[in-house]
Amino acid sequence: MSWAGRTAVEIADAVRAGEATAEQVVADHLAAISARDDAVGAFRTVLAESAMADAKALGHRPDLPLAGVPVAVKDNVAVAGQTATNGTRAASPEPAPEDHPVVARLRAAGAIVLGLTKCPELCLYAIGDTRNPWDTRRTAGGSSGGSAAAVAAGMVPLALGNDGLGSLRIPGAACGVIALKPGHGLMEPPPHDWFAMSENGPLTTTVNDTVLALTVMTGTPILPEAEDLRIAVAPNPLPPGFSVDAEFQEAARAAGATLREAGHTVVDHGRRFPMSLGWSTIAAWYSSAATDAHDLDEHALEPRTRSMARVGRFLQRIRRDGSRRRDQWRAYGADQWFGDIDVLITPTLAHLPPSAEGWESRGMARNAYADITFAPLTGAWNMAGWPAMTIPFGRHSSGLPIGVQLIAPPDGEGLLLSLAGYLERARPWARHAPTF
């Protein structure tokens, strides 16, 4: 029996009890990567030698919450001795002298880092070239697409990614796994924090694994607890002119109906995002490109990234970088728009994942249009700094999974996890893509 495909909780329980060794678990997952990643392209580099050495050094430690659990880390987060490229050839080749604090906590809890996962250049794009394990013609999403695909294909039970405007939730929904963006300040952000919009977070296949991972990554117990909530469903909160797939909208309604059966008050949320928020989110995105590209060799960047950075610099010069609207939305606008509810349910994506082919060679305008139409439902909650997560909820007629997004005000991670756990029990999902 291979340990690849088992949950993090199952693996850690078995290693702590002496029913499996960390070396056996790591070897099984390395074999899965070797057999599956050619079709998916989730990993930039696999750290087979160091992973086996770390597993051997772990020994039997019954006190470790993630004992022997293999993890993958997105290629913009520091792993000691490795170069974090942030998806670009322009990155410094210098290896990181030490682990990022979140990686250090994972290791201290017994997790074994198996490799670094791919991301699009500077993590700017919702469409990456990593392939979706559910349909390898399509993208796994971005920018944490490598991490999401590695989990969906059963190559690791847990991956670390981050989310600047949806970069955990977008690939999580595309690949049919759970992804949680914590609220601002719960854990240390990635090094490029996009004006405090970007947060590190876990990708897993079960709510229990998410609870365990988030507790370890934050160093704070996260208790799923939710009773008698007022929940609103917004099948399409986008401004007029933006469309959302009808099956995605129906999944959001079905999630609300399921929670109504659990005793919560569920209402319709008829408000639409203000158009000004959308323009400010786009401006913040372009400004983040300018900031992250500032010290890099422009000639080593992809043409789409060079163009984005130039537009971002222009927006910064004329003081139209989205910061004023972002600050207003974070201070009071999101709360006013949210109203008297505890949790909001929306689709995670607006449309099915597009093709994985050739986006890095296409121009800025085509990339921006594709990203905005594919995944416009997530960025508002980065602008607000609020917690949000995606869970798989049903299957599209195309055969791909559907993601439903749950959003809560600050400190609402426990509410989200509690509701996600109920939905998981009521409507269990396939934990991995069927061909894996």
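Computed values, structure above
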{"item": "Hits in the stretch 48-83 - residues which are out of contact with any helix residue (DSSP H, G or I) (no Cβ under 9 Å at 6 or more places or on another chain) and touching a residue at least 40 places away in the same chain (Cβ under 8 Å)", "result": "Ser50"}
{"item": "Of residues in the stretch 274-319 being in a loop (DSSP other than H, G, I, E, B) and touching a residue at least 24 places away in the same chain (Cβ under 8 Å), the one farthest from Pro376 (Cα to Cα)", "result": "Asp297"}
{"item": "Residue, surrounded by the fewest Cβ atoms within 10 Å (Cβ to Cβ), within the stretch 62-76, restricted to residues that are modelled with pLDDT of 95 or more and more than 22 Å from Ala32 (Cβ to Cβ)", "result": "Pro65"}
{"item": "Subset of the stretch 384-410 (residues that are surrounded by fewer than 19 Cβ atoms within 10 Å (Cβ to Cβ) and over 21 Å from Trp194 (Cα atoms))", "result": "Gly394, Arg395, His396, Ser397, Ser398, Gly399"}
{"item": "Members of the stretch 89-138 found to be of a type outside the set (D, E, K, R) and either free of Cβ contacts under 8 Å to residues at least 12 places away in the same chain or open to solvent by 60 Å² or more (accessible area, probe 1.4 Å) (or both), listed by number", "result": "Ser92, Pro93, Pro95, Pro97, Ala104, Ala108"}
{"item": "Criterion (modelled with pLDDT under 95 and crowded, with 21+ Cβ neighbours inside 10 Å) met by exactly one of Ala213, Ala293, Ala226", "result": "Ala226"}
{"item": "Filter result for the condition that a residue is more than 15 Å from Met364 (Cβ to Cβ) and open to solvent by 80 Å² or more (accessible area, probe 1.4 Å), over Arg330, Arg324", "result": "Arg324"}
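The values are calculated or read from the model by the stated rules, or taken from the named source; none is laboratory data. Predicted, not measured: the structure shown is a model, and the values here were computed from it. Backbone-built Cβ (ideal geometry, glycine too); neighbour counts: all protein chains shown. Calculation scope for accessible area: heavy atoms of the full protein, side chains included, ligands and nucleic acids excluded. Shrake-Rupley method; radii C 1.70, N 1.55, O 1.52, S 1.80 Å.
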